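Just so it is clear, none of the values below were taken in a lab; they were calculated from the coordinates. None of the values given here were measured: they were computed from a predicted structure. Quick reminder, even Gly has a Cβ in these numbers, built from the backbone with ideal geometry, and neighbours come from all protein chains shown.
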Ligand SMILES: Cc1cc2nc3c(=O)[nH]c(=O)nc-3n(C[C@H](O)[C@H](O)[C@H](O)COP(=O)(O)OP(=O)(O)OC[C@H]3O[C@@H](n4cnc5c(N)ncnc54)[C@H](O)[C@@H]3O)c2cc1C
């Protein structure tokens with residue numbers, strides 16, 4: 001079920017020629033009521049999208065960046081160029097592409113329909129809400145509500161991608177290790193007439209934001225994501241009011257240019273206040289159910305690991321399901337999904353929590369940010385190391401690999 005990891009998985013299964021039903025209670029791409037949550041897609045994810053045949057569209061629509069600069073007040077305290085890092089030269093994909101999540105999801109849907117023209121393996125059912133679930137030794141049963149009426153569906157395997165409010169967690173009795181952040185942020189997605197440089201800029205102390213942190217990125221359609229750290233006790237409605245957002249933008253850009261930012265020079269595309277929490281299921285498999293994406297793990301947005309790791313979950317699971325369903329591997333192969341992706345999820349929680357704690361600590365009254373703060377050297381706040389994908393960090397168990405020599409014609413469909 002459902003969007004980024006669900007669509008990635010469905011697209012991969014279509015490529016392998018595996019029959020699956022994709023259910024979504026919604027009938028749109030993107031997140032209801034939110035312009036775009038995810039914006040930043042990492043190299044490993046881009047490699048997956050290349051195999052699925054949507055990379056070229058992402059590269060054409062999105063914005064490539066590799067230079068990041070970090071400021072404390074007016075001082076640049078750190079900068080990096082990801083292209084100079086040795087590991088990135090091994091891939092044909094760039095370190096990152098920034099693009100709104102709804103474009104990726106739209107491309108995946110179109111690719112699933114395209115694959116379906118020759119072999120309709122994936123049955124995509126919009127406005128189909130799963131309302132109950134049970135499983136036994138033979139199969140899983142899903143109860144589904146649609147505008148046309150209710151029905152039940154039996155399945156051999158269920159992949160839950162229903163996001164951070166997954167009902168499957170309760171239905172399966174899945175235990176979760178969770179932590180709530182007390183940090184508050186407010187996003188402003190903005191289009192400027194004269195736009196800032198195509199670099200990722202971070203302020204750990206932004207004088208124009210009461211010395212709180214600010215992140216600034218460009219994404220597709222010339223839209224800038226500017227993410228402002230707010231006071232922990234702020235009122236989300238108040239901080240996202242249009243006049244308050246305009247005052248914040250003016251404070252930032254007039255400080256940089258030395259003159260007032262006039263309303264006709266920019267357009268506010270979307271505003272979204274948010275808080276975050278981190279969660280990880282203790283087991284990513286419960287019988288016939290596999291948890292992927294935010295239903296399996298939720299992390300703070302710092303480091304762009306949420307959607308990226310969801311796509312990597314899907315990539316890890318797809319070929320295993322295909323190999324088992326098509327009889328090329330024993331069902332035990334599916335157990336390696338938890339071993340590998342739980343390890344990755346825990347690592348992502350660790351790194352994003354550390355970054356979030358670092359941002360919060362900077363704001364503590366007792367902490368005076370020192371330019372030579374050891375955190376810089378430790379790489380805590382450096383997104384260059386943020387989104388390095390983790391398949392499995394320990395030497396054992398050995399990460400599984402898709403068979404080097406799969407049966408002829410596997411996957412069955414080519415990218416385009
Ligand atoms: C501010 C912010 C910035 C972010 N930036 C990035 C970034 O730059 N890069 C990145 O990789 N990630 C980023 N993320 C994280 C990313 O957006 C999420 O990890 C991703 O959306 C999770 O996808 P998902 O499909 O697991 O869950 P969701 O996107 O929540 O999708 C859940 C889907 O399940 C469906 N559904 C729910 N319940 C049911 C049901 N009962 N029956 C049927 N369907 C159901 C919903 O309709 C929906 O389509 C960011 C998140 C935030 C909040």
Exercise. Taking the simple approach of a point 7 Å from Cα along Cα-to-Cβ for both residue 150 and residue 92, what is their distance in nm?
Worked result: 5.0 nm
Exercise. What does the convex hull of the alpha-carbon atoms of the stretch 180-276 project to on average, in nm²?
Worked result: 6.1 nm²
Seminar exercise, completed: Output for the stretch 269-341 (equivalent-ellipsoid semi-axes, sqrt of 5λ from the C-alpha gyration tensor, Å, descending) is 29, 13, 9
For this session: Provide the FRET efficiency to the nearest 0.05 for the residue 143-residue 165 pair, computing r from the beta carbons and using R0 = 22 Å.
Result: 0.80
Seminar exercise, completed: From fewest to most C-beta neighbours within 10 Å, the residues 159, 54 line up as 54, 159
Exercise. Sorting 218, 281, 90 on the 10 Å Cβ count, fewest up front, what's the list?
Worked result: 90, 218, 281
Problem set entry | Spatial separation of Cα centroids for the stretch 267-320 and the stretch 74-151, in angstrom | 11 Å
Problem set entry | Rh by Kirkwood over Cα pairs, then Stokes-Einstein D for the stretch 46-156 at 0.692 mPa s and 37 °C, µm²/s | 180 µm²/s
Seminar exercise, completed: Expressed as a whole-number percentage, the relative contact order of the stretch 139-200 with C-alpha contacts under 8 angstrom and at least six residues apart is 18 percent
Exercise. Counting other C-beta atoms within 10 Å, which of 270, 203 has the fewest, and how do the rest follow?
Worked result: 270, 203
Exercise. Contour minus end-to-end for residue 26 and residue 277, with contour as 0.36 nm per residue of separation and end-to-end as the Cα-Cα distance?
Worked result: 88.0 nm
Seminar exercise, completed: Rounded to the nearest 0.05, FRET efficiency between residue 177 and residue 335 (Cβ-Cβ, R0 35 Å) equals 0.95
